[in-house]
Amino acid sequence: MIDQVLNTVINLLNDQIGTAEPDVILGNLSMLDSAQAGSETNITDRVVVSVVNIQQESTLRNNPANRQIFDTAGIPRGVARHPGIFLNIYILIGANKEQYNIGLQRISQVISFFQRNPIFTQTEIPTLPNFGLDKILFDLHSTGFEELNQLWGIMGGKYIPSVVYKMRLAYIDSIEEGMEIPLVKSIEAQFNNKLL
């Protein structure tokens, strides 16, 4: 799911930049020094999108396991299954361009693209996979010098012009239907042996 969302956004970003050959690719920026020309992992002279962190959205963790769903006839029924997981995915977009000024231009184009298009929905992007989520948001994630140093240190490379975005509310849920359970139709309570 993560790769499908990122590939869809990368295609739109390539359309925005408008170079003859796609300039933005999904790749691993930690492979900067080991990537070789002509190989499948060639990230030389490209703008590379890498996932650098995946976190569960803590505010949406308490979804119930038992749910009411509707079948094709519109009849409600209960199912028990583990709730889906909402994710925040941090992506590093680095301009690994041979000409430094072109790298800065590409990073400016990336920032401009996400400034104009911070929200992606099924309506706006029909190719966006449908995983029960109504929107995906891209927020610019400001990194300080220390955090940036640690990030590039972990990546094992030298700094190149880059920007970090937080892709919010990606959603992963199993495609299994879940176990059928009875619906709650009424609730009764007793107080001092009297039915309320």
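The values are calculated or read from the model by the stated rules, or taken from the named source; none is laboratory data. All values reported here derive from a predicted model rather than from experimental measurement. Methodologically, a virtual Cβ is constructed for each residue, glycine included, from the backbone with ideal geometry; neighbour enumeration extends over all protein chains shown.
Checking each residue in the stretch 13-37 for being closer than 14 Å to residue 50 by Cβ, at pLDDT below 90 and of a type in the set (A, V, I, L, M, F, W, C) picks out 29, 31, 32, 35.
Please pick out the residue among 104, 183 that is modelled with pLDDT of 90 or more and loosely packed, with under 15 Cβ neighbours inside 10 Å.
Working: 183 fails: modelled with pLDDT of 90 or more.
Residue meeting the stated conditions: 104.
Is it the case that the stretch 125-143 has a residue that's of a type in the set (Asp, Glu), in contact with a strand residue (DSSP E or B) (Cβ under 7 Å, 6 or more places away or on another chain) and at pLDDT below 90? Before the answer, list the steps.
Initially, the stretch 125-143 is screened for residues of a type in the set (Asp, Glu), giving 134, 139.
Cutting the leftovers down to in contact with a strand residue (DSSP E or B) (Cβ under 7 Å, 6 or more places away or on another chain) gives us 139.
Checking the rest, the ones that are also at pLDDT below 90 come to none.
No - not one qualifying residue is present in the stretch 125-143.
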